[in-house]
Amino acid sequence: MQTLRALGDLTRAHFIVIWPLLFCSGLLLALDTYGGFSFRTLILAAFIGLFGFEAGLVLNDYIDRNLDRRDVDGTLTRYWRPFHERPLPSGKITSEAALRLFLLLAAAAAVLIAFLPYPHSLYVAGIMAYSYAAESFYQVKKRDQTVPIAQVLGRTDFALFPVAGYLVAGSPDTTALLYFLFFYPWTLAHLAVNDLADITNDRAKGMATIPVLYGMSGAARWVLLFTVAHGLLAVIFAWALGPIAAGGFALGFTLLILANYRILSGKTAGAAMRALPLFHASLLIYIVAIITAAVVP
């Protein structure tokens, strides 16, 4: 039972349904354009997204396994982990077991990708390999930097995740580009909100995150800047997808406005923690809006 709880914390099990949904939102957009829908493709993509993303989460913990021992504030851990513990620093899971789990999940995703027709298998495998490299770069580079290159480059992995879903059945085209441009500013704002909420731990670990580099006020402005960029690009993406997506995007962006208000009003870790669920709710609304726009005639 203890091992299962530790695995739940390692994989952030209570968020597990989000990753295949986000991945498949890209796939369903592609199928709407290119046709060829089948439940086999949908199920295959769902498991590629699930295993691939979960492997990235385990990789994140593995790379930071020693630094995470310095945590002094468990607030963000309690939010992200269903049983409120980091299993590697606590010793509930060994670093060797975590590495084996990463390799197993990544291999499972790679095997499933091999069942995709060429060149889609090459597109998705390439993004997966790039994403693990970008995640590793981000985890290491943020320990020693004077400008936020780790964040700017590192978050391209998350932004490319639904694009990989699109490329399961689609080709690199304008829609794929618009999805990336729409989602990338959201990922940068979301990461900064996480860092604002975790500022005490990042200072203790010597991490050069956005609030460490620019202060709490500077980080709040960073979130606002990329939220605005995201909103402008959402208008363009919604124009391409139609009125259903536009309605969902408007609702999701309203939550982001409220999240930014909370952050700018408080400029504290507590304010960021109150804003973080609004970011995640906006993501879920975006996913539902995109899927609905793709499947409803």
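One residue alone among ALA109, ALA129 is within 26 Å of LEU31 (Cα to Cα), crowded, with 19+ Cβ neighbours inside 10 Å and within 18 Å of the chain's Cα centre (by Cα), and that residue is ALA109.
Of the residues making up the stretch 161-208, just one is closer than 23 Å to ALA109 by Cβ, open to solvent by less than 10 Å² (accessible area, probe 1.4 Å) and among the polar types (S, T, N, Q), namely THR187.
With the condition kept exactly as written, say whether any residue in the stretch 88-97 is part of a helix (DSSP H, G or I) and closer than 30 Å to VAL163 by Cα. No, that holds for no residue.
Yes or no, residue by residue, for (1) outside any helix (DSSP H, G or I); (2) charged (D, E, K, R); (3) in contact with a helix residue (DSSP H, G or I) (Cβ under 6 Å, 6 or more places away or on another chain); (4) more than 16 Å from ALA55 (Cβ to Cβ):
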{"position": "ALA107", "(1), (2), (3), (4)": "no, no, no, no"}
{"position": "LEU112", "(1), (2), (3), (4)": "no, no, yes, no"}
{"position": "LEU116", "(1), (2), (3), (4)": "yes, no, no, yes"}
{"position": "GLN145", "(1), (2), (3), (4)": "yes, no, no, yes"}
{"position": "ASP157", "(1), (2), (3), (4)": "no, yes, yes, no"}
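Of all residues in the stretch 58-78, those satisfying the criterion of being open to solvent by 30 Å² or more (accessible area, probe 1.4 Å) and in contact with a helix residue (DSSP H, G or I) (Cβ under 7 Å, 6 or more places away or on another chain) are ASN60, TYR62, ILE63, ARG65, ARG69, ARG70, ASP71, VAL72, ASP73, THR75. Against the conditions (1) within 15 Å of the chain's Cα centre (by Cα); (2) under 15 Å from TYR62 (Cα atoms); (3) of a type in the set (Phe, Trp, Tyr), PHE158 satisfies every one except (2).
When the stretch 16-30 is filtered for residues that are aliphatic (A, V, I, L, M) and assigned to a helix (DSSP H, G or I), the ones remaining, listed by number, are ILE18, LEU21, LEU22, LEU27, LEU28, LEU29, ALA30.
The values are calculated or read from the model by the stated rules, or taken from the named source; none is laboratory data. Quantities reported herein were computed from a predicted structural model and do not represent experimental measurements. Glycine also receives a Cβ, built like all others from the backbone with ideal geometry; neighbour counts cover every protein chain displayed. Quick note on the areas: whole protein, heavy atoms, side chains included, nothing else; ligands and nucleic acids left out. Shrake-Rupley method; radii C 1.70, N 1.55, O 1.52, S 1.80 Å.
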